[in-house]
Amino acid sequence: MLVRGALGKNQIRVSGSSIKSTADLWRSALTQLRQPIERERQVEFGKETVISGGAEAKLTVPAVVDMGIHGDLTKGDTKAVAYTEKFADAGMDDAIQSLISGNKVLVIDDFHYVAPNIQEEVASNSKKPLNGD
């Protein structure tokens with residue numbers, strides 16, 4: 001309760017009992033920070049409009065010349081090719097950057113409920129970015 005009162009709105013709280021993997025922790029933090037947990041980019045390229053044209057004319061002078069020109073006019077539709085690139089889900093780096101830029105503190109309530117191997121991973125992975133390494 002002391003931490004809750006001291007930090008007020010500057011805290012992001014995650015319950016230790018809800019953390020089954022490090023991804024759970026960072027996803028929960030990002031969600032509370034209202035940051036995207038997935039990243040994708042839409043790309044559009046290859047717009048083209050196909051138009052071809054022409055005309056037809058024929059000139060005939062009896063016994064002197066017979067010549068002609070021929071062509072067609074076709075209007076095509078505009079085509080666009082688009083696709084979506086999907087990147088890896090947002091994780092620790094995104095969450096820590098959002099915490100720092102938002103001046104927030106991550107509080108893991110009941111950290112002792114987190115499995116020991118996950119506790120170790122969270123502590124180890126968090127150390128470098130927080131120390132500026």
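Brief remarks follow.
- Our estimate of slack between residue 126 and residue 97, defined as 0.36 nm per intervening residue step minus the Cα-Cα distance, is 9.3 nm.
- Amide proton proximity set for residue 106, modelled H, under 5 Å, gap of 5+: 12
- Phi to ³J(HN,Hα) by Karplus 6.51 cos²θ - 1.76 cosθ + 1.60 over the range 6-23, Hz, x for Gly, Pro: 6, 8, x, 7, 8, 10, 10, 9, 10, 7, x, 5, 8, 9, 9, 7, 5, 4
- Residues residue 113 and residue 10, FRET efficiency given R0 of 25 Å [Cβ-Cβ distance, rounded to 0.05]: 0.60
- Volume in Å³ per residue [convex hull over Cα atoms, computed for the range 84-133]: 123
- With the simple spin-label model, which puts each label point 7 Å out from Cα in the Cβ direction, the residue 35 to residue 23 separation comes to 1.8 nm.
Laboratory data are not the source of any read-out in this text; all were calculated from the coordinates shown. If you're wondering where the values come from, they're calculated on a predicted model, not measured in any experiment. So basically every Cβ, Gly included, is an ideal-geometry build from the backbone, and we count neighbours across all protein chains shown.
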